[in-house]
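So the structure is just underneath, and the comments pick up after that.
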Amino acid sequence: MVKPAMTSAELYLRLLSYVRPYWRAFAVSMLGMAVVAASEPALPALMKPLLDGTFVKRDPDIIRLMPIVIVLLFAVRGTANFVGSYAITWVGNKVVLDLRKAMFERLLTLPAAFYGDHPAGNLLSKITYDVTQVTRAATNVVTVAVKDILAIVGLLGWLFWLDWRLTLLTLVTVPAIVAIVRVLSKRLRHSSRESQHAMGDLTQLLEEAIEGQQEVKLFGGQAYEATRFSKNADRVRRFAMKQASAAAINVPLVQMVAASAVALMVYLATRQASADVASVGGFVSYIIAMLMLTAPLKRLTSVNEHLQRGLAAAESVFGLMDERSEEDRGTLALGRVRGELRFERVRFRYPGRASDALQDVDLSVRPGETVALVGQSGSGKTTLVSLVPRFYHPTSGRIRVDGHDVQDIGLASLRENIALVSQRVVLFNDSVAANIAYGDMRKADRSRIVAAAEAAHAMEFIRALPQGIETPIGENGVKLSGGQRQRLAIARALLRDAPILILDEATSALDTESERYVQAALNTLFEGRTTLVIAHRLSTIERADRIVVLERGRIAEIGTHRELLDQAGVYARLYHMQFESAAEDEADLVAHGAG
């Protein structure tokens, strides 16, 4: 069921809930702005006694005191403006921090399927760009609105005091101003929403170009990427111009309506002054107050632009924060499991796909058994092992660990018993030690970290690094070779010492000599642990206790290496194809060497 979109009022109230923890600083800001607003009508109010008392009556007390009053007025106004601006900026930055933390924490709990549907660049744009637009609506808009509304009320109050009949004319313009703001608000909200989507696409394109810079250069994709970037950047520009045009026309239209009323009031006030109905000081005070009305009116109409941008961004930010986290109804905490796995008539279909990725898979894995999963690409190998740590949930059927349905086991308890080494190694921009002792292993002793690295044959290259085990390795281990990154990932799994091990072609990036060492370390690690091995090179899993052959999401064959070869079925065909391909490659190398 799709959740209905929040109204503007609901969005804004939710935004203000993030301001509530900092209400003291916010109140200080509001007080500062209120003082600034109160000083607005004070200036025209001073004009009447200033002009009448000095130039007309020549009162010596007024002549002596008026300069002091003016200096004090602007001193108080300046101090209040500084305090108010500083306090609201502090609150705004705190709200940005809280929203970013909340968004990031939600990202860490979202299911794997979510990341398949949402490009990383769009998610980055929400956290870096959209959230800053939100805070303007939550903080700056409120204070500007309060300050200017109070200023307008104060100035109108003074104008009513001087001449209520003339001042009533200003109220005639209110309906016209409201109509203009309402029409332009819809246009601003729509263009702001589209601008955020375009910025997300641009961020995604940038991320792809930076991460794939080697492929871009090697395959001559510079012109293609430059064209893509230009088109997306131009989309951002077009939506920005739509926002600018709506914002730009907003202010002059409102000002034109207000100016018409002000012009009429000036004309009538001038007529009164010429008929000696008003004093010189009263006339000047009235004119100054009317002219001072235009500045807060202009700012109020400009606030609508930031408000609509903020509300459009709030839809994006809260949309992410309202995404459902990984489902975790499990309550069992198992401690260290024995490692028995059972797949019972497991079916799985990815959202939006027309066919099942897995169909009625029945498989039992004994504690401590090493089971290899083989098959052509798309046969369901990675999907099957992804169901064990509950990255995905079976469409039907169940998976048991030590007899317990994995759905009944708490996620933390389940995943504490699983170690994973995938073909796509993920490392973090941190030290070697921090990458091996990652997450809940971060408090591991240095001796244990070194022992794990030794077992993975990683200390051979770690010792040669500038700072040894404390050497930073760059983004995703960019300073290391592919084989070195793979060995760090294996060291991480060794340190975890989990009873269930999942290996997705864990030795694929190693050279022949390193593979021999690491394979020996893995064979030691396999002892006493349940191991699921996804293998593309069949020569690496000949010693597995059993080999499960998957074909189109179904189990086609199960047996040992020798049994499956004797059956002359799917596995034998795959094995001989790889053997013949390897033999041809070796013959080519020999031929080229002889040449």
Item checked: Heavy-atom accessible area per residue - region 349-505, 1.4 Å, Å² -> 44 Å²
Checklist line | residue 339 long-range amide H proximity, modeled H, under 5 Å | finding: 402
Check: Under 5 Å between amide H atoms, partner at least 5 residues away or on a different chain: which partners does residue 557 have, H built in plane at 1.01 Å?
Finding: 549
Next item on the list: Just grab the label-to-label distance for residue 516 and residue 347, each label 7 Å out from Cα along the Cβ direction, in nm (one decimal).
Entry: 4.9 nm
Checklist line | Sparse-neighbour loop sites [GluC sites (Glu not before Pro); region 319-371; at most 11 other C-beta within 10 Å; DSSP] | finding: 327
Notebook entry, point to check: Leaving out ligands, DNA and RNA but keeping every protein chain, what accessible area does residue 438 have, in Å² rounded to the nearest 10, with a 1.4 Å probe?
Noted result: 110 Å²
Next item on the list: Quick one: what are the phi-derived ³J(HN,Hα) couplings along region 406-413, Karplus 6.51/-1.76/1.60 with θ = phi - 60°, whole Hz, x for glycine and proline?
Entry: 4, 5, 8, 8, x, 4, 4, 5
Next item on the list: Rank these by accessible area, largest first, 1.4 Å probe: 117, 98, 148.
Entry: 117, 98, 148
Checklist line | Gain on full stretching of the segment that runs from residue 238 to residue 332 - 0.36 nm per residue minus C-alpha separation | finding: 28.4 nm
Note to self: What do you get for trypsin sites (Lys or Arg not before Pro) in region 426-455 restricted to DSSP loop and a cutoff of at most 14 other Cβ within 10 Å of the site's Cβ?
What the structure shows: 442, 443
Margin query: In whole percent, and with a 1.4 Å probe on the protein chains, what portion of the accessible area of region 421-486 is carbon and sulfur?
Written below: 49 percent
Notebook entry, point to check: Can you list the HN-Hα couplings for region 367-372, worked out from phi with the Karplus curve (6.51, -1.76, 1.60; θ = phi - 60°), rounded to whole Hz and with x for Gly and Pro?
Noted result: x, x, 8, 9, 10, 9
Next item on the list: Read phi for every residue in region 224-234 and hand back ³J(HN,Hα) as whole Hz from Karplus 6.51 cos²θ - 1.76 cosθ + 1.60, θ = phi - 60°, with x for Gly and Pro.
Entry: 5, 5, 5, 5, 4, 5, 4, 5, 5, 5, 5
Margin query: Taking loop as defined by DSSP and a crowding limit of 15 other beta carbons within 10 Å, which trypsin sites (Lys or Arg not before Pro) in region 347-399 fit?
Written below: 353
Note to self: Using a 1.4 Å probe on the protein heavy atoms only, what accessible surface does residue 306 show? Give it in Å² to the nearest 10.
What the structure shows: 70 Å²
Margin query: Probe radius 1.4 Å, ligands and nucleic acids left out: which of 256, 441 has the largest accessible area, and how do the rest follow?
Written below: 256, 441
Next item on the list: Return P(r) of region 384-431 (all Cα-Cα pairs; 5 Å bins starting at 0; whole %; ordered from short to long distances).
Entry: 5, 16, 28, 21, 12, 10, 5, 3, 0
Notebook entry, point to check: For region 372-456, what is the Kirkwood hydrodynamic radius in Å, using each pair of distinct C-alpha atoms?
Noted result: 15.5 Å
Next item on the list: Run through every distinct alpha carbon pair of region 407-482 and return the Kirkwood hydrodynamic radius in angstroms, one decimal place.
Entry: 13.7 Å
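The values are calculated or read from the model by the stated rules, or taken from the named source; none is laboratory data. None of these values were measured; they are calculated from a predicted model. With ideal geometry, Cβ positions are generated from the backbone for all residues, glycine too; neighbour counts draw on all protein chains shown. Ligands, DNA and RNA are stripped out before the accessible areas are found, and what is left, the full protein with its side chains, is counted by its heavy atoms. Shrake-Rupley method; radii C 1.70, N 1.55, O 1.52, S 1.80 Å.
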